[in-house]
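Structure, as structure tokens:
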Amino acid sequence: MSFDVAAVRGQFPILSEIIDGLPVHYLDNGASAQTPLAVIDAVRHYETTGRANVLRGVHRLAERATESYENARAQVATFLGVPTMEIVFTGGCTAAINLVAYSYGSLLKPGDRILLSEIEHHSNIVPWQLLRSRAGIELDMLPVTTDGRIDLEALPRLLTPRTKLVSLAHVSNVTGALLDVRAVVEAAKSVGARVMLDGAQRAPHGPLDLPSLGVDFYAFAGHKAYGPNGIGVLWGRPELLDAMPPFMGGGSMIGRVTLAETTWAPSPRRFEAGTPAIGPAIGLGAACAWMQALDWTGAHDHEMALVQRLMDGLQKIDGTQIFGPASLQNRYPVVSFMLDGVHPHDVAQTLDSFGVAVRAGHHCAQPLMDRFDLDGTTRVSMAPYNDNSDIDALLAGVAHAAKTLR
Ligand SMILES: Cc1ncc(COP(=O)(O)O)c(C=O)c1O
């Protein structure tokens, strides 16, 4: 049976909005995806029937809230294929990477090295630069190929016995390229380095099996994976998390506090200081359950057919150039392009007048833009609820921009 995109669309009320007389052609999912009714209902259920703080009250509402919060942790764990108590709720993907940079980073010594790449989002660069300033570690950068992939041929040259961690985007937020995780893990292991993946752009495209990937840390954001804002996830190997000092201090993350000293709770509590984002965590759990139930074989084929339709259509418009893998192999539905002589912001503005939402600019990847001497790109990022009408509206808008702005 073919993938029923209409049935999926029907679960996202915002997609049938009319704004200023225009339909919603939402192709900015890489920035934030839309939220299905299952998530909206789960958050509403918590707010209307179980709102209380977690892990501290003895009354029934507190117990209900705690149960829902911990159930959300289990839903996220199932989505990632790992045990429940290995999931740490964070404020987002950025917060998860900062947690590792701070806490794992505090175990590193001056002269230790961390390997990143030129394709990374700023949130997988800046936390490590902050660590470099604090701790005297060194950063190395894998280059990027002209078709927008991390160049893994440089791994043997850049991995050294001082490399403690390799932290890379699982899927690029600019080019959609999928990382060859197996090759990275194998090479990193040969020098005893750990591997962290920034899964912000991969998690929204279906369940993962982290044990089979063989990585050590994995981070993603709720709002890009059909969940609420203000929530994200860090998964880490338990022996690593338990050896790491806390990132933030406060309530809930302690074993025992005296005025002289404090002991820490085991992970994940150690890393969840203060009242967590309870409603958003419950929403993210529902989003993971929603993704778990989707037919991803069908959804992936559908998303890739949209990528092909988009690429074929762009190639017919004079002056467009795609930045990223030309084939559908090892890529996800994020496509960046340039229109000769037209600034990406102007392209995006024209598209908005066609009801099409895209992202334009540097995509928080300024080093990548510098490397290819780009002002920016226009980025189309898709989700399973997108359909041919979204792509056709976009192509009509780009054709109009090509005719009127050049
Ligand atoms: C690849 C990648 N990593 C990290 C992030 C940061 O996510 P957040 O801002 O939700 O923390 C993003 C967001 O665009 C991203 O695309």
- prompt: Normalised by the residues of the chain, what does the relative contact order come to in percent, with Cα pairs under 8 Å and at least six apart?
  reply: 22
- prompt: Cα-Cα pairs above 25 Å in segment 151-289: how many percent?
  reply: 38
message: As I understand it, the value is the acute angle between the Cα axis of helix 388-404 and the longest principal axis of the Cα atoms of the chain; what does it come to in degrees, rounded to 10?
response: 60
- request: Measure nothing but the geometry: give the 0 to 90° angle between the long axis through the Cα atoms of 181-190 and the longest principal axis through the Cα atoms of the chain, rounded to 10°.
  value: 40
statement: If F337, F372, F354 are placed from fewest to most neighbouring beta carbons inside 10 Å, the sequence is F372, F354, F337
query: If each of T78 and T263 carries a label point 7 Å out from its Cα toward its Cβ, how far apart are those two points in nm?
result: 3.5
query: What FRET efficiency do you get for E239 and A326 if R0 is 45 Å and r is their Cβ-Cβ distance, rounded to the nearest 0.05?
result: 0.60
field: Highest to lowest packing among 378-389, 297-308, scored as the average C-beta count within 10 Å
entry: 378-389, 297-308
task: Restricting to the chain, compute how many DSSP beta bridges are antiparallel as a %, nearest 5.
output: 60
field: Chain lengthening between D4 and S353 when straightened (0.36 nm per residue, less Cα-Cα)
entry: 122.8 nm
- prompt: Rounded, prolate or oblate: which fits the chain when a ≥ b ≥ c are the square roots of the eigenvalues of the alpha-carbon gyration tensor, with rounded for a/c under 1.5 and prolate only if a/b beats b/c?
  reply: oblate
- prompt: Got the relative contact order for segment 247-406 handy, in percent, Cα pairs under 8 Å and 6 or more residues apart?
  reply: 20
field: Positive-end extreme of charge dipole, segment 283-406 - chosen from S336, W290, N388 (charges on Cβ)
entry: S336
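For a protection proxy built on the mean count of beta-carbon atoms within 10 angstrom, sort 243-250, 26-33 highest first, please.
Final packing ranking: 26-33, 243-250.
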- line: FRET efficiency (L37, K316; Cβ distance; R0 41 Å; to 0.05) is 0.65
Between 0 and 90°, nearest 10: helix 93-103 axis offset from the chain longest Cα axis: 40
message: For a quick check, take a GNM of the chain with Cα springs below 10 Å and name the residue from A193, A287, A225 with the largest mean-square fluctuation.
response: A193
- prompt: Rounded, prolate or oblate: which one fits segment 239-328, using the alpha carbon gyration tensor with axes a ≥ b ≥ c (rounded when a/c is under 1.5, else prolate when a/b beats b/c, else oblate)?
  reply: prolate
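Values quoted throughout were computed directly from the atomic coordinates according to the rules given, and no laboratory measurement underlies them. All values reported here derive from a predicted model rather than from experimental measurement. Cβ sites come from the backbone with ideal geometry, for glycine too, and all protein chains shown count toward neighbours.
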